[in-house]
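The values are calculated or read from the model by the stated rules, or taken from the named source; none is laboratory data. Owing to the predicted nature of the structure, the values given are computational and were not obtained by experimental measurement. Please note: Cβ atoms are built from the backbone with ideal geometry, for glycine as well, and neighbour counts cover all protein chains shown. Quick note on the areas: whole protein, heavy atoms, side chains included, nothing else; ligands and nucleic acids left out. Shrake-Rupley method; radii C 1.70, N 1.55, O 1.52, S 1.80 Å.
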Amino acid sequence: MDKSKQIFRKSKRSFRRRLPPIGSGDRIDYRNMSLISRFISEQGKILSRRVNRLTLKQQRFITIAIKQARILSLLPFRNNEKKLERAESIPRTISPRTKKK
């Protein structure tokens, strides 16, 4: 074969196909917290479709389910746990300006 024809030939590398994160039996619903919590970041943000490896239709259903769960107070809108921990760990000191002689 010519070298020019070898360039256009596809490589025969094998790759491991990842399993889809949502099985065929999983129902996307706002009450299915174990499923919904996989698609939310630590900060409470909805992860993108590229990160989740979902189809467009699945991502739409997940987004709607997360928003419904937030409205019904099953999920928080934001996760503020880290901010509260930092605020509690800061010791309070008296500033020298407040002392009067």
| said: Under the 0.36 nm per residue contour assumption, what length would be gained going from the current alpha-carbon distance of LEU56 and ASP29 to full extension? | reply: 8.1 nm
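Would you tally the net charge around LEU74, using a Cβ to Cβ cut-off of less than 13 Å, leaving LEU74 out, and scoring K and R as +1, D and E as -1?
Working: positive: ARG31, LYS67, ARG70; negative: ASP29.
The answer is +2.
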| field | Per residue accessible area of the range 33-72, 1.4 Å probe, in Å² | value | 67
| request: Quote the charge dipole size of the range 33-72 about the Cα centre in Debye, to the nearest 20; the model charges only the Cβ of Lys and Arg (+1) and of Asp and Glu (-1). | output: 200
| query | Expressed as a whole percentage, what fraction of the accessible surface of the range 33-72 belongs to carbon and sulfur atoms when a 1.4 Å probe is rolled over the protein heavy atoms? | reply | 58
| request: Please list LEU74, LEU19, LEU35, LEU47 in order of solvent-accessible area, largest first, computed with a 1.4 Å probe with all protein chains present. | output: LEU19, LEU74, LEU47, LEU35
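Could you rank ILE71, ILE46, ILE64, ILE22 by how accessible they are, 1.4 Å probe, largest area first?
Working: ILE71 125, ILE46 55, ILE64 90, ILE22 15 Å².
Most to least solvent-accessible, the answer reads ILE71, ILE64, ILE46, ILE22.
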